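Read the structure below first, then the notes.
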Amino acid sequence: DADCGLFFGCGSGESRMCGMGEVYEVAKAREAGIPVAFVDYRLGEGSSGNPDEWFPIYPGTDGALASAIAYVIISEEKHDKAFLDKYVVGFDADTMPESAPANSSYMDYIMGTGYDKVEKTPAWAASITKVPAERIVKLAHEIAESDPCYICQGLGPQRHTNGDNAARAIMVLPQLVGQVGKPGTTSG
């Protein structure tokens, strides 16, 4: 039911020993002409075959890539503000608790008005991830324009220092575009 699939660090054939459901689903999606992309520092049989696009990322930088994708979606106003206002606490100043410090929302962090004053632009992420900025922008557009994009993370992104931050950054992407709880989406 998805228009595209994006898998972060998800070598299902190697890491999901209890079942090969995702490998089967990816194969069926590709047969149906649904584009599939993998973000992983390596490409192998564990990545469910040959994806339509492979983003060979520098290991451990998935969170930076997800943040840059979010920057494009937010800066181009492709985020689903109504969904975020209804279901998300902390996205922007409108959804922050009253007790929260000023400029401490997720949007502040991404747009460079937060504590670190760094805009999470595609150029910023390209220097960290080794994924070219233009490919980051293209990926952000595909996510924002798909209805929906199946976004899934495997065991790779969170199995290192600060990996929980990468996992959170990835799972914000479907929330940004209101692609949660719909056919063709995933819980992570």
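Looking only at residues that are in a loop (DSSP other than H, G, I, E, B) and of a type outside the set (Gly, Ala, Ser) in region 139-148, which one is most open to solvent (accessible area, probe 1.4 Å)? Before the answer, list the steps.
Of the residues in region 139-148, the ones in a loop (DSSP other than H, G, I, E, B) are 146-148.
Keeping just the survivors that are of a type outside the set (Gly, Ala, Ser) gives 147-148.
Working: Asp147: 93, Pro148: 4 Å².
Ranking the qualifying residues of region 139-148, first place goes to Asp147.
Taking the stated definitions as given, is Ala102 open to solvent by less than 60 Å² (accessible area, probe 1.4 Å), of a type in the set (Gly, Ala, Ser), modelled with pLDDT of 90 or more and farther than 18 Å from Asp80 by Cβ? Write out each step before concluding.
Working: open to solvent by less than 60 Å² (accessible area, probe 1.4 Å): no; of a type in the set (Gly, Ala, Ser): yes; modelled with pLDDT of 90 or more: yes; farther than 18 Å from Asp80 by Cβ: yes.
No: the conditions fail for Ala102.
Taking the stated definitions as given, is Gly13 in a loop (DSSP other than H, G, I, E, B) and either open to solvent by less than 70 Å² (accessible area, probe 1.4 Å) or modelled with pLDDT under 80 (or both)? Before the answer, list the steps.
Values: in a loop (DSSP other than H, G, I, E, B): no; either open to solvent by less than 70 Å² (accessible area, probe 1.4 Å) or modelled with pLDDT under 80 (or both): yes.
So Gly13 does not fit the description; no.
Could you grab me the full set of residues in region 154-167 that are part of a helix (DSSP H, G or I) and over 10 Å from the mean Cα position of the chain (by Cα)? Step through it out loud before you land on a result.
Quick first cut of region 154-167, residues part of a helix (DSSP H, G or I) only: 163-167.
Across region 154-167, the qualifying residues are Gly163, Asp164, Asn165.
Regarding Lys182, is this residue modelled with pLDDT of 95 or more, open to solvent by 70 Å² or more (accessible area, probe 1.4 Å) and part of a loop (DSSP other than H, G, I, E, B)?
So Lys182 does not fit the description; no.
Show the residue pairs meeting these rules: Cβ distance below 8 Å; 6+ apart or different chains; first residue within region 172-187 and farther than 18 Å from Ala68 by Cα and hydrophobic (A, V, I, L, M, F, W, C); second residue outside any loop (DSSP other than H, G, I, E, B) and open to solvent by 60 Å² or more (accessible area, probe 1.4 Å).
Val180/Tyr87
With Ile170, Ile136, Ile151 as the choices, which residue is under 26 Å from Asp85 (Cβ atoms), part of a helix (DSSP H, G or I) and aliphatic (A, V, I, L, M)?
Ile170 is the lone residue from the list that is under 26 Å from Asp85 (Cβ atoms), part of a helix (DSSP H, G or I) and aliphatic (A, V, I, L, M).
Residue-by-condition table, conditions (1) exposed (fewer than 15 other Cβ atoms within 10 Å of the Cβ); (2) in a loop (DSSP other than H, G, I, E, B); (3) of a type outside the set (D, E, K, R); (4) in contact (Cβ under 8 Å) with a residue 60 or more places away in the chain:
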{"position": "Ala70", "(1), (2), (3), (4)": "no, no, yes, yes"}
{"position": "Ile73", "(1), (2), (3), (4)": "no, no, yes, yes"}
{"position": "His79", "(1), (2), (3), (4)": "no, yes, yes, yes"}
{"position": "Asp85", "(1), (2), (3), (4)": "yes, no, no, no"}
{"position": "Gly114", "(1), (2), (3), (4)": "no, yes, yes, no"}
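Looking only at region 116-127, count every residue that is open to solvent by 60 Å² or more (accessible area, probe 1.4 Å) and either assigned to a loop (DSSP other than H, G, I, E, B) or not aromatic (Phe, Trp, Tyr) (or both) and tell me the total.
Taking region 116-127 first, the residues open to solvent by 60 Å² or more (accessible area, probe 1.4 Å) are 117, 119, 123-124, 127.
If we keep only those that are either assigned to a loop (DSSP other than H, G, I, E, B) or not aromatic (Phe, Trp, Tyr) (or both) too, we end up with 117, 119, 123, 127.
Total meeting the criteria: 4.
The values are calculated or read from the model by the stated rules, or taken from the named source; none is laboratory data. None of the values given here were measured: they were computed from a predicted structure. Here Cβ is always computed from backbone atoms with ideal geometry, including for glycine, and neighbour counts include all displayed protein chains. Accessible surface areas use protein heavy atoms only, side chains included; no ligands, DNA or RNA. Shrake-Rupley method; radii C 1.70, N 1.55, O 1.52, S 1.80 Å.
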